[in-house]
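Got a structure for you, written out below as structure tokens; questions coming shortly.
The values are calculated or read from the model by the stated rules, or taken from the named source; none is laboratory data. All of these numbers come straight from a predicted model, not from anything done at the bench. All Cβ positions, glycine included, derive from the backbone under ideal geometry; neighbour counts span all protein chains shown. Ligands, DNA and RNA are excluded from the accessible area calculation, which covers all protein heavy atoms including side chains. Shrake-Rupley method; radii C 1.70, N 1.55, O 1.52, S 1.80 Å.
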Amino acid sequence: MTLRLLQRVVPSRAVIAATDTAAHIVPGVDSVRALALRAIDAGHSIADEVAALGQGEAVDVAALLDAGAIGSPIDHEDPAHVIMTGTGLTHLGSAEGRDKMHRAAAEAATQTDSMRMFLEGVEGGKPAEGQVGQQPEWFYKGDGGQMVAPGGDFTMPHFAQDGGEEPELAGIYIIGSDGTPHRIGLALANEFSDHVTERHNYLWLAHSKLRQASVGPELLVGTPPEHIEGTSRIVRGGETIWEKPFLSGEANMSHSLSNLEHHHFKYALFRRPGDIHVHFFGTATLSFSDGVRTQEGDVFEIAAAPFTLPLRNRLTRAGEEAVTVKLL
């Protein structure tokens, strides 16, 4: 039976534990972060800690989500201690769209950097136990201030050339007091990006990723499924204008989760006790690759079992803002 954790944010904060048959408030904690720290201190799993705390009031998670009472499944009282990063070219088939974007800019008839990196991942992204595999692509998205709650609006910067969805899984981690990273679980995610900017020049990938992102309402704990199949769609004016299945899980990836985790947490600056990490694992499915240009007001919807609730976000654009650097 799968265990999923949610965070209720109104009228008061609470952690919800949901299974295939029921959902209830977890007594004694008001955040998943606090629950995880208790589990670490007790030396046992999240599931064991949930069981030890007992069952509070029964709740309807779908109704709470519709009412806007469910927030992101992880947060920190200081958003600067939530670090959002990701890896690309990690899924079988993920190189096709990226290569298509970058090939036009490559004058040589040789493989693009994207294709070379993808093939290196296919060759060495799933090392034997105890071995270090191929290093993946890595990017930074921002801190917790960039995380949009389920149902919240994505806001493109006024200078953005595109606002496109990326349906994928994200790993949610907390760093223990001794500097050990602990994976709390996995969540559905929309790793929102500017694909037009990225297509212009691959060296602008870093710029294209400095955007908001959203993590689905449910945090799946325990051993993740090898195969996850879902659907990504764009709804405009109440009508679906694009829809496509997507695959994730290690069976559909060129890298193992453990390899991606190693190459992120090998850096000491990512092992600061108490910090939260949201790490996006990549996708092979983009509406942009199919020629779709998103518009303000479009709604992105991502759904996949064993998650029971969808992740929806509406696209908006920020007003122009002049930034002036003052000399002190």
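Which of (1) in contact with an Asp or Glu (Cβ under 8 Å, 6 or more places away or on another chain); (2) within 18 Å of E218 (Cα to Cα) does T283 not meet, given it meets every other one?
Tallying (1) in contact with an Asp or Glu (Cβ under 8 Å, 6 or more places away or on another chain); (2) within 18 Å of E218 (Cα to Cα), T283 fails exactly one: (2).
Starting from residues that are without any contact (Cβ under 8 Å) to a residue 12 or more places away in the chain and more than 27 Å from A305 (Cβ to Cβ), keep the ones in segment 39-53 and report whichever is most open to solvent (accessible area, probe 1.4 Å).
Out of the qualifying residues, it is D41.
Taking into account only those residues within segment 289-305 that are among the hydrophobic types (A, V, I, L, M, F, W, C) and open to solvent by 30 Å² or more (accessible area, probe 1.4 Å), which is farthest from L186 (Cα to Cα)? Quick ask: steps written out before the conclusion?
Just the residues of segment 289-305 that are among the hydrophobic types (A, V, I, L, M, F, W, C), to begin with: 292, 299-300, 302-305.
Pick out the ones that are also open to solvent by 30 Å² or more (accessible area, probe 1.4 Å) and you get 299, 303, 305.
Values: V299: 23, A303: 14, A305: 12 Å.
Only one residue fits best here, namely V299.
Specify the residue that is nearest to H263 (Cα to Cα); the eligible residues are those in segment 111-146 that are open to solvent by 20 Å² or more (accessible area, probe 1.4 Å), among the charged types (D, E, K, R) and modelled with pLDDT of 85 or more.
Filtering segment 111-146 for residues that are open to solvent by 20 Å² or more (accessible area, probe 1.4 Å), among the charged types (D, E, K, R) and modelled with pLDDT of 85 or more, the one nearest to H263 (Cα to Cα) comes out as K126.
Something else about it: For T308, indicate whether it is farther than 14 Å from E166 by Cβ, at pLDDT 95 or above and open to solvent by 10 Å² or more (accessible area, probe 1.4 Å).
Spelling it out, T308 is indeed farther than 14 Å from E166 by Cβ, at pLDDT 95 or above and open to solvent by 10 Å² or more (accessible area, probe 1.4 Å).
Looking only at segment 235-247, decide whether some residue is open to solvent by less than 50 Å² (accessible area, probe 1.4 Å), part of a strand (DSSP E or B) and either within 25 Å of M1 (Cα to Cα) or free of Cβ contacts under 8 Å to residues at least 40 places away in the same chain (or both).
Looking for residues that are open to solvent by less than 50 Å² (accessible area, probe 1.4 Å), part of a strand (DSSP E or B) and either within 25 Å of M1 (Cα to Cα) or free of Cβ contacts under 8 Å to residues at least 40 places away in the same chain (or both), one finds at least one in segment 235-247, hence yes.
For residues that are assigned to a helix (DSSP H, G or I) and over 22 Å from E296 (Cα atoms), scanning just segment 189-206, find the one that is least open to solvent (accessible area, probe 1.4 Å).
Here the residue is L205.
Sort out which residues of segment 215-234 are open to solvent by 70 Å² or more (accessible area, probe 1.4 Å) and either under 12 Å from L169 (Cβ atoms) or touching a residue at least 24 places away in the same chain (Cβ under 8 Å) (or both), and write them in order of number.
Of everything in segment 215-234, those that are open to solvent by 70 Å² or more (accessible area, probe 1.4 Å) and either under 12 Å from L169 (Cβ atoms) or touching a residue at least 24 places away in the same chain (Cβ under 8 Å) (or both) turn out to be E226, H227, E229.
When you scan segment 315-324, do you find a residue that is touching a Pro at 6+ places or on another chain (Cβ under 7 Å), in a loop (DSSP other than H, G, I, E, B) and closer than 30 Å to D60 by Cα, even just one?
no
Here is a yes/no grid of residues against (1) open to solvent by 10 Å² or more (accessible area, probe 1.4 Å); (2) in contact with a Lys or Arg (Cβ under 9 Å, 6 or more places away or on another chain):
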| position | (1), (2) |
| --- | --- |
| A17 | no, yes |
| V26 | no, no |
| L37 | yes, no |
| Q55 | yes, no |
| L64 | yes, yes |
| G68 | yes, no |
| A80 | yes, no |
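Under the condition of being crowded, with 22+ Cβ neighbours inside 10 Å and touching a residue at least 60 places away in the same chain (Cβ under 8 Å), which residue from segment 174-188 is nearest to E301 (Cα to Cα)? Break it down stepwise before answering.
In the first step, residues of segment 174-188 are kept if they are crowded, with 22+ Cβ neighbours inside 10 Å; the result is 174, 184-188.
If we keep only those that are touching a residue at least 60 places away in the same chain (Cβ under 8 Å) as well, we get 174, 184-185, 187-188.
Values: I174: 27, I184: 24, G185: 21, A187: 14, L188: 11 Å.
Result: L188.
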